[in-house]
Amino acid sequence: MRRPIIAGNWKMYKTIEESISVAVGLKRRFYTFSEADVVICPPFTALSKVHDQIVDSSIMLGAQDIYWEESGAFTGEISPNMLKDAGCRYVIVGHSERRVIFGETDEDVNKKVKVVLKHGMIPIMCVGEKLEERDNGTTFEILEKQLTRGLKNIAKEKAVRVIIAYEPIWAIGTGRTATPQQAQEAHKYIRDFAERSYDKETASRIRIQYGGSVKPENIAQLMSQEDVDGALVGGASLDVHSFTEIVENAVK
Ligand code: PGA
């Protein structure tokens with residue numbers, strides 16, 4: 001039985017004060033919560049202060065990106081130890097905005113996934129196709145390439161800890177969600193990939209989140225699909241009430 005995981009990606013929204021206010025609101029509801037893993041990923045500047053708020057609760061902290069070197073002359077980058085120091089247990093890697101806007105490659109994603117694992121944190125590795133790729137029928141080819149390269153040289157003992165987030169790019173921030181069937185089909189493909197690359201046992205343990213316009217109204221249907229184990233939520237995670245409802249509806 002895979003434990004559901006709902007993560008909120010706050011992207012480049014919220015000052016420190018605004019972040020604390022959402023964290024405090026969520027803590028009221030999820031101070032103790034055992035039905036799912038609840039993760040929030042504020043911007044870097046707010047990580048440490050948000051951690052102070054949620055440290056004694058069941059909510060966990062995640063970062064939105066990482067750099068793979070340990071330290072050095074890498075202006076503007078954040079190291080694994082810095083994220084651990086700030087209290088992070090999860091790191092989003094290879095979000096489509098990083099890939100599309102900042103030119104991140106599958107090879108970069110692979111280095112990031114490895115360094116997150118090496119430092120005992122959990123990577124949330126994002127994959128997903130563009131609209132034209134879905135339209136021209138190459139969704140599975142794209143997923144195959146992103147998964148093969150992103151998980152290259154990661155042994156199965158480590159691979160079971162990786163969370164895969166299937167995020168069709170055409171559904172991110174657009175209000176257009178994949179249908180539960182479309183999500184299930186892609187998640188099943190991802191699980192089958194894990195079985196081909198590792199084994200059945202590993203594939204059955206890997207958690208796969210869906211992301212892209214997840215809302216309180218559509219989460220239950222998505223979660224009812226066999227291979228959907230959680231959600232990576234953008235816009236609807238910025239508000240205490242909608243994120244709370246998403247988590248509650250996900251485990252109903
Ligand atoms: P969205 O974003 O929920 O606003 O569509 C999802 C994501 O980018 O992770």
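The values are calculated or read from the model by the stated rules, or taken from the named source; none is laboratory data. Every value quoted in this text rests on a predicted model; they were computed, and no experiment measured them. As a convention, Cβ positions derive from the backbone with ideal geometry for all residues, glycine included, and neighbour counts pool all protein chains shown. Areas reflect the complete protein model, heavy atoms only, side chains present, ligands, DNA and RNA absent. Shrake-Rupley method; radii C 1.70, N 1.55, O 1.52, S 1.80 Å.
If the segment from Ser21 to Thr105 were pulled out straight at 0.36 nm per residue, it would be longer than the present Cα-Cα gap by 26.8 nm.
Subtracting the Cα-Cα distance of Met12 and Asp135 from their residue separation scaled by 0.36 nm leaves 41.3 nm.
Listed by chain and number, the lysines whose C-alpha is less than 25 Å from the C-alpha of Lys11, apart from same-chain residues fewer than 8 away, are Lys27, Lys49, Lys84, Lys111, Lys112, Lys114, Lys118, Lys130, Lys215.
Note: relative contact order over the chain, using C-alpha pairs below 8 Å and six or more positions apart, is 20 percent.
Accessible area per residue was computed with a 1.4 Å probe on protein heavy atoms; Arg149 scores about 100 Å². A 1.4 Å probe, protein heavy atoms only, puts the accessible area of Tyr13 near 130 Å². Contact order normalised by length for the range 1-98, with contacts defined as Cα pairs under 8 Å and 6 or more residues apart; what percent is it? In percent, rounded to a whole number, it is 27.
What is the spin-label model distance, in nm, from Ala73 to Gln221 if the labels are put 7 Å beyond Cα along the C-beta direction? With each label point 7 Å from Cα toward Cβ, the separation is 5.5 nm.
Each Lys or Arg adds one and each Asp or Glu subtracts one; over the other residues with Cβ under 14 Å from the Cβ of Met223, this totals -3.
In terms of Cα atoms, the Rg and Dmax of the range 181-237 work out to 12.0, 35 Å. In the context of the full set of protein chains, the range 157-252 has a per residue accessible area of 41 Å² (1.4 Å probe). Run the accessible area of the chain with a 1.4 Å probe and give the carbon-and-sulfur part as a rounded percent. Solvent-exposed carbon and sulfur of the chain make up 51 percent of the total.
Here the chain is scanned for GluC sites (Glu not before Pro) in DSSP loops (not H, G, I, E, B) that have at most 15 other Cβ atoms within 10 Å, and the longest stretch holding none of them is 78-216.
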